[in-house]
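S.K.: To start, I am sharing the structure in question, which I have written as structure tokens.
The values are calculated or read from the model by the stated rules, or taken from the named source; none is laboratory data. Model, not experiment: these values are computed from the prediction. Note that each Cβ is placed from the backbone with ideal geometry, even for glycine, and that neighbours are counted across all protein chains shown. Only protein heavy atoms, including side chains, enter the accessible area calculation; ligands, DNA and RNA are left aside. Shrake-Rupley method; radii C 1.70, N 1.55, O 1.52, S 1.80 Å.
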Amino acid sequence: MAEGKKIAVVGATGLQGGGLVRAILADKSAGFTVRALTRDPESVKAKELAQLGAEVVKADLDSGPSLRMAFDGCYGAFCVTFFTEHFVPEKEMLQAAALAQAAKQAGLKHAIWSTGEDTRKLVPLTDNHVPTLMGKFKVPQSDAKGEANKAFTQFGVPTTFMLTSFFWDNLIYMGMGPKKGADGKLVFTLPMGDKKLPGIAAEDIGKCAFGIFRKGFDLLGKTVGVAGEHLTGAQMAILLGKELGQEVRHDAMSPEEYRKLGFPGAEEMGNQFQVAQEFEQEFCRARNIEGTRDLNPSLQTFGGWLAKNKDRIPLS
């Protein structure tokens, strides 16, 4: 690879983007440099990246001109949006379009768009066994990201579409870790029945993105799914119990029950789990583990991730 290929990383202080920034900075031999994009260059995380050697630049997904300036002079960009900040799929698509337009205007050679399946291609809106949400979505976040793929294509941006998986980090940040039941024992709830769910450590998504950039143009125009492991809820519970040093039971709650839990995003997540359960083979096949390891040789297993992060998982 030629020297000095600068990668603009959207969401550089987040989990995915942060993983990519650190991967680039850790491998000086690959010929890449990094421009870390953030809304707040004065934040603690942004300053940490600057100290590590990243060029930190202010940019906002709601400001096309700021994205255009941030992408200027770069070889490539890692593009991601943050649905859980607003829960508005239309905003998600507008932000993706702004990213695509800025990438085109800047003349980028390679963009990676962190995306998901448009689940309406699997479960049409007319099929009500998975409830329709917001009038036109089954899984708003995933559907919006999948629909936004066309923005990169229509603008003619050389793009690799990266399908992500369930973040194991959700056990830390989204309150999805084991909780004490009425009998005082830990219960891990995952409404997947006995089906396997592709999962991954969020930082490994960034490392996989680095692997895609390192492959050059080989993956342009292609969809690449990434996962660390495909595991059932019961298998995850066993591994949780092993690392936490106490029994963890699996509650294979139905998606219908999960949708009624009442927390923000419960309906959407219930739908996501239901679609992933019903289309287990399609979701797993799209996220090949050996292919992921080829991009990221240090790919973590769930057990390996737990060994490093078990003390960060809230259990109450």
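S.K.: Within the group F78, F87, which residue is touching a helix residue (DSSP H, G or I) at 6+ places or on another chain (Cβ under 8 Å) and crowded, with 18+ Cβ neighbours inside 10 Å?
M.R.: Matching residue, one of F78, F87: F78.
S.K.: Right, something else. Mind checking which residues of the stretch 28-50 are within 16 Å of G216 (Cα to Cα) and either surrounded by fewer than 20 Cβ atoms within 10 Å (Cβ to Cβ) or of a type in the set (S, T, Y) (or both)?
M.R.: Of everything in the stretch 28-50, those that are within 16 Å of G216 (Cα to Cα) and either surrounded by fewer than 20 Cβ atoms within 10 Å (Cβ to Cβ) or of a type in the set (S, T, Y) (or both) turn out to be S29, A30, G31, T33.
S.K.: Part of a helix (DSSP H, G or I), free of Cβ contacts under 8 Å to residues at least 40 places away in the same chain, open to solvent by 30 Å² or more (accessible area, probe 1.4 Å) and in contact with a helix residue (DSSP H, G or I) (Cβ under 9 Å, 6 or more places away or on another chain): does that describe P65?
M.R.: yes
S.K.: In addition: Report yes if E247 is open to solvent by 40 Å² or more (accessible area, probe 1.4 Å) and within 17 Å of I200 (Cα to Cα), otherwise no.
M.R.: no
S.K.: Please find, within the stretch 253-273, the residue that is farthest from P314 (Cα to Cα) out of those that are in a loop (DSSP other than H, G, I, E, B) and open to solvent by 50 Å² or more (accessible area, probe 1.4 Å).
M.R.: Among those that are in a loop (DSSP other than H, G, I, E, B) and open to solvent by 50 Å² or more (accessible area, probe 1.4 Å), it is K260.
S.K.: Tell me which of these V157 doesn't satisfy, since it passes every other one: (1) within 30 Å of D72 (Cβ to Cβ); (2) crowded, with 22+ Cβ neighbours inside 10 Å; (3) within 20 Å of the chain's Cα centre (by Cα).
M.R.: The single condition V157 does not satisfy is (3).
S.K.: If you don't mind, there's one more thing I want to ask. I'm told A286 meets every condition in (1) of a type in the set (G, A, S); (2) under 30 Å from P158 (Cα atoms); (3) surrounded by 20 or more Cβ atoms within 10 Å (Cβ to Cβ) except one. Can you identify the failing condition by its number?
M.R.: It is condition (3) that A286 fails.
S.K.: For the stretch 69-83, check the following and say yes or no: at least one residue is within 27 Å of Q277 (Cβ to Cβ), part of a loop (DSSP other than H, G, I, E, B) and of a type in the set (S, T, N, Q).
M.R.: For the stretch 69-83, residues within 27 Å of Q277 (Cβ to Cβ), part of a loop (DSSP other than H, G, I, E, B) and of a type in the set (S, T, N, Q): present.
S.K.: Filter the stretch 1-54 down to residues that are among the aliphatic types (A, V, I, L, M) and assigned to a loop (DSSP other than H, G, I, E, B), then give me how many there are.
M.R.: Going through the stretch 1-54 one residue at a time, the tally reaches 5.
S.K.: So which pairs qualify, if the first residue must be in the stretch 127-146 and within 25 Å of C79 (Cβ to Cβ), the second must be outside any loop (DSSP other than H, G, I, E, B) and modelled with pLDDT under 95, the Cβ gap must be under 8 Å, and the two must be at least 6 apart or on different chains?
M.R.: P140/F83; Q141/F83; Q141/T84; A144/F83; K145/F83
S.K.: Another one. Among (1) hydrophobic (A, V, I, L, M, F, W, C); (2) assigned to a helix (DSSP H, G or I); (3) at pLDDT below 95, where does A276 come up short?
M.R.: A276 satisfies every listed condition except (3).
S.K.: Could you check the stretch 170-190 and list, in sequence order, the residues that are in a loop (DSSP other than H, G, I, E, B) and touching a strand residue (DSSP E or B) at 6+ places or on another chain (Cβ under 9 Å)?
M.R.: M174, M176, G177, P178, G181, K185, L190, listed by residue number.
S.K.: Does the stretch 193-215 contain any residue that is at pLDDT below 95 and either surrounded by fewer than 21 Cβ atoms within 10 Å (Cβ to Cβ) or in a loop (DSSP other than H, G, I, E, B) (or both)?
M.R.: no
S.K.: Just a yes or no: is a residue in the stretch 109-117 part of a strand (DSSP E or B), surrounded by 23 or more Cβ atoms within 10 Å (Cβ to Cβ) and more than 18 Å from the chain's Cα centre (by Cα)?
M.R.: Looking for residues that are part of a strand (DSSP E or B), surrounded by 23 or more Cβ atoms within 10 Å (Cβ to Cβ) and more than 18 Å from the chain's Cα centre (by Cα), one finds at least one in the stretch 109-117, hence yes.
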